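Down below is the structure, laid out as structure tokens.
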Amino acid sequence: MVKPGEPRVLVAYGSKNGSTAEIAERIGEALSKAGCATSVYPAREVSGDVAAYDAVVLGGALYSGHWHRDARRLARRAGPQLGARPLWLFSSGPLDASAAERDIPPVRGVRRVAERLDARGHITFGGRLDEHAHGRTARMIVRAGKGGDFRDLDQITGWAELIARELLAARNGPGETEGT
Ligand SMILES: Cc1cc2nc3c(=O)[nH]c(=O)nc-3n(C[C@H](O)[C@H](O)[C@H](O)COP(=O)(O)O)c2cc1C
């Protein structure tokens, strides 16, 4: 149930092997805890109509330099509405500690989406690859010892908290923001 005054936030994601889905769930939990009415869905289950939400977080796994197809397609399908509301994007992929250590800019396709839809922010989170992953290449990477779980849960939660803070500050007005 949405409490009066709570911003309604959609978290949608494209994921092949489940780790980006877990990141989205984590973001959803943090947003809910911070006072947003949050729904988390696979991007492919979201129609082009996101009018029921005040803000959207859209994320996708990276495969061969591209955002997951489901995230790309939702960005296209719901473009006009996404462009008209606060929007944040995330990518997940690097199979090393790099994403937790520094800001990794979006790949070209995601940068274009961010520009086109005037996204408020983008972040790249570390990825995960294990022996359950689909696909020959994935299994080869794991067998070569290059798999692992490089997601930083605190980083994910912290990013979601920043989003919540921004949404709630906008809703409460300048009188209610920190330091005023
Ligand atoms: C075939 C293949 C290609 C990948 N390409 C990239 C890439 O271009 N950039 C990147 O950062 N990570 C890449 N990764 C790592 C995945 O993005 C990472 O495993 C991610 O967590 C997968 O998300 P998912 O579990 O939601 O599908 C690749 C992984 C595989 C198996």
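Please treat every number below as a calculation from the coordinates, not as lab data. Note that the coordinates shown come from a computational prediction; the quantities given were computed from them, not determined experimentally. All Cβ positions, even for glycine, are placed from backbone atoms using ideal geometry, and neighbour counts span all protein chains on display.
Here is how the numbers come out for the structure above:
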| quantity | calculated |
| --- | --- |
| Footprinting exposure proxy for Leu58, Leu95, Leu167 (fewest neighbouring C-beta atoms within 10 Å first) | Leu95, Leu167, Leu58 |
| FRET efficiency estimate (nearest 0.05) - Cβ-Cβ, Glu25 to Glu45, R0 22 angstrom | 0.95 |
| Highest-MSF residue in the chain out of Gly109, Gly83, Gly93 [GNM, Cα springs under 10 Å] | Gly109 |
| Segment Arg108-Thr137, extension gain: residue separation times 0.36 nm, minus the distance between their alpha carbons | 8.2 nm |
| Top of Glu25, Glu161, Glu115 by mean-square fluctuation, Gaussian network on the chain, Cα under 10 Å | Glu115 |
| Spin-label model distance (nm) - Arg8 vs Asp149, 7 Å beyond Cα toward Cβ | 3.4 nm |
| From phi via Karplus (6.51, -1.76, 1.60), per-residue ³J(HN,Hα) for region 28-44 in Hz, x at Gly/Pro | x, 4, 5, 5, 4, 4, 7, x, 9, 8, 10, 10, 10, 9, x, 4, 5 |
| Beta bridge orientation in region 8-176: antiparallel %, DSSP, nearest 5 | 15 percent |
| Charged-residue dipole, Cβ positions (Lys, Arg, Asp, Glu), the chain about Cα centre, Debye nearest 20 | 900 debye |
| Using a Förster distance of 22 Å, the FRET efficiency for Arg120-Ala37 (Cβ separation, nearest 0.05) | 0.70 |
| Antiparallel content of DSSP bridges confined to region 34-117, in %, to 5 | 25 percent |
| Among Val40, Val57, Val142: highest mean-square fluctuation, GNM of the chain, C-alpha pairs under 10 Å | Val142 |
| Where the Cα pairs of the chain fall when distances are cut into 5 Å bins, in % | 1, 9, 18, 21, 20, 15, 9, 5, 2, 1, 0, 0 |
